[in-house]
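Input: a single structure, listed below in structure tokens.
None of the figures in this text is laboratory data; all of them are computed from the coordinates on show. Only a predicted model underlies this, so the values are computations on that prediction, with no experimental measurement involved. Here the Cβ positions follow ideal geometry from the backbone for every residue, glycine too, while neighbour counts run over all protein chains shown.
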Amino acid sequence: MKKFFTALVTALFLTSIFGPGATAQEVPRSVNQSWLPAFPVNSTQLTSAQKASIFTRVAEYSSADKYICTGVTSPKASSKERLKIRIRAKAACEYAASLNPYLSTWFQSKNSNAKRYQGRVLISIKTPLLNQGSEAVSRSSFESPDTVAGFQIKPIYLLPSDVADERLDLNGTIATSLREGNDFLKKTIGLEFPLDMNQQGEIDIGFIQSSMSTNDIEQLLSEGGRLDGLIAGTGFEKPSTSRKLYVLFAPVKDSADVCGRGVVSGTISLVAMKGSCGASSSEFGRVFSKVWIHEALHNLGVEHVPENCDLMSSRSDFPETRCFSNQRTEMDPNGIYYLGSNAAGVDILTQKAWVGNNLLSDQDRGTCNPLFDQNGRSVKGTWICSIGLVVLGPRDFCWSQISSSKMQTWSGGKWTTLGNGIPTKLPWGSKDVWECKSGGVAPSLKIRVAKADENWYRWQVNGKTLDPFRVIFQN
């Protein structure tokens, strides 16, 4: 038995799955292995006990990024038997992925002469080890534990696949730009953005070796598109418990006179650092130092404004605007767009997004939204909520009638009841999230959350226990 287990583990290590261009030396990982409870004879469907086992491991290893399911067969097994075992392994990995969409899953089958393991599925969970001395990790290729609580700017150096590495995340170029942008904000409106910091008190600049070429990224700048794909599959894809704006600095040129692109009321912006975007600026040091705060304000919800020399002006939307090199950049000096007014989308003075005022309160009314993938589709099983008074519903189902409903939370290794649900058409409190149609209802419960954290919940409706779902509460 011991010989089999060692051989199987060795085989698993040899078939480890790494991200594009990554190797085992680049990203050290710890490995935890456990066996699923046995399947009923000839069954390929997960039992409730097996689902509970998978959930427990996913919840326990919330920082894991790889989940490998290995079905064990006899060397003499028929092709039909081998297929059955692979289907079992696949079912285990698919259920794990439904609980945590950030897991990279892989299923396979292995032979063993040990009869006690034949027909069973071995689960291997891999978790990145941070700060282990390799360059990929020291360059923050994964999200590090936050030292700044609440809203913050997360800068990332995005290196195209066809560009030589100038180490702009390490040589002070990006750090200087961040300070230049903040210096302008503080001088102009008396506010500055909190920056993500590491445990050494330095700006925590992430690093992504992109599979996209320079042309691909410049095309995103000029034509637009979903920026989510720039961090999809990386160590920064999973939202943290702090509200973050991800500012991606890329060593590419301006495209169609565009130096940056940010999603209005989004969380990601892209900033070009070469060509005219990297030119010297008497006000900012480099042009891209102005660009990143412009795009960050888009992320906060500010639209372009039709004013000469305003930080938020844009000739693409307002061709008549002009600003010459001897003129100073302003920020809504008359307070009619986004300073003391929300005419341009939001009043940034009311946003809890500034040094000294970047924390939410448990007295606030929290909001929840489903997690969306890079294609704009909601990811079942994961929700993002702000702390405060929030309304929680089920994953994605409505009932024609509800006789009983109860919400439970995972705490201390067991499920604890929070309270009874109330049937409603708006289980998450807003039709903008989703609503039940055609007379259907779903359970809903209001809870007050004071701490940013990841919590697991599940509903028991009409005597049936539903699959758990995860909520990432952000401050």
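Taking every alpha-carbon pair in the chain and binning the separations at 20 Å intervals from zero gives 21, 49, 26, 4, 0 percent. Computed from the C-beta positions of residue 83 and residue 33 and an R0 of 22 Å, the FRET efficiency is 0.40 to the nearest 0.05. For a modelled paramagnetic label at residue 420, 7 Å from Cα along Cα-to-Cβ, the residues of the range 427-450 in reach, with backbone nitrogen under 15 Å, are 443-446. Note the angle between two axes, namely the Cα long axis of helix 173-189 and the longest principal axis of the Cα atoms of the chain, as a number of degrees from 0 to 90, rounded to the nearest 10. It is inclined by approximately 60 degrees.
Each label was represented as a point 7 Å from its Cα along the Cα-to-Cβ direction; for residue 450 and residue 257 these points are 5.5 nm apart. No solvent, one uniform scatterer per C-alpha: report log10 I(q)/I(0) for the range 410-474 via the Debye equation at q = 0.15, 0.19, 0.21 1/Å, two decimals. Debye output, listed in q order: -0.55, -0.88, -1.06.
How far is helix 2-14 tilted off the main Cα axis of the chain, in degrees rounded to 10, range 0 to 90? That helix lies at roughly 30 degrees to the long axis. The calculated FRET efficiency for the pair residue 317 and residue 466, based on their C-beta separation and a Förster distance of 51 Å, comes to about 0.65.
So what's the net charge close to residue 223: Lys and Arg +1, Asp and Glu -1, counting the other residues with Cβ under 14 Å from its Cβ?
Values: positive: 226, 261; negative: 216, 218, 254, 257.
After counting each charged neighbour, the total is -2.
The charge dipole of the chain, taken about the Cα centre with unit charges on the Cβ atoms of Lys, Arg (+1) and Asp, Glu (-1), comes to about 3400 debye, rounded to the nearest 20. With contacts taken as Cα pairs under 8 Å and at least 6 residues apart, the range 29-128 reaches a relative contact order of 46 percent. Rounded to the nearest 20 debye, the dipole magnitude of the range 368-473 is 220 debye, with +1 charges on Lys and Arg beta carbons, -1 on Asp and Glu beta carbons, and the Cα centre as origin. Relative to the longest principal axis of the Cα atoms of the chain, the long axis of helix 214-223 lies at roughly 70 degrees.
Considering only 245, 41, 415, and ranking their Cα positions along the charge dipole of the chain that arises from unit charges at the beta-carbon of Lys, Arg, Asp and Glu, the one farthest toward the positive end is 41.
Simple rule: put +1 on each Lys or Arg Cβ and -1 on each Asp or Glu Cβ in the chain, find the dipole, and look at 222, 56, 334; the Cα lying farthest toward the positive end is 56.
Of all the Cα-Cα pairs you can form in the range 350-475, what percent are over 19 Å apart?
Numbers: 3890 of 7875 pairs.
Here the long-distance tail beyond 19 Å is 49 percent of all Cα pairs in the range 350-475.
Can you run the Rg to Rh ratio on the range 150-350? Use alpha carbon positions and the Kirkwood inverse-distance Rh. Present the calculation step by step, with values, prior to reporting the outcome.
Values: Rg = 16.0 Å, Rh = 17.1 Å.
Reported Rg/Rh (Cα atoms, Kirkwood Rh): 0.94.
Once the other residues with Cβ under 10 Å from the Cβ of residue 74 are scored (Lys, Arg +1; Asp, Glu -1), what is the net sum? Neighbour charge sum, excluding residue 74 itself: +2. The modelled label-to-label distance for the pair residue 350/residue 47, using points 7 Å beyond Cα in the direction of Cβ, is 5.6 nm. Per-residue extension of 0.36 nm, minus the Cα-Cα distance of residue 62 and residue 438, leaves a gain of 131.6 nm for this segment.
Count Lys and Arg as plus one, Asp and Glu as minus one, and take only other residues whose Cβ is under 13 Å from that of residue 244; the net charge is then -2. Across the chain, the mean sequence separation of Cα contacts (distance under 8 Å, 6 or more residues apart), normalised by length, yields a relative contact order of 11 percent. Between the residues 401, 372, 390, the greatest Cα displacement towards the positive end of the dipole of the range 368-473, with unit charges on the Cβ of Lys, Arg, Asp and Glu, is found for 401. For the range 29-128, the equivalent ellipsoid derived from the Cα gyration tensor has semi-axes of 23, 14, 11 Å, listed largest first.
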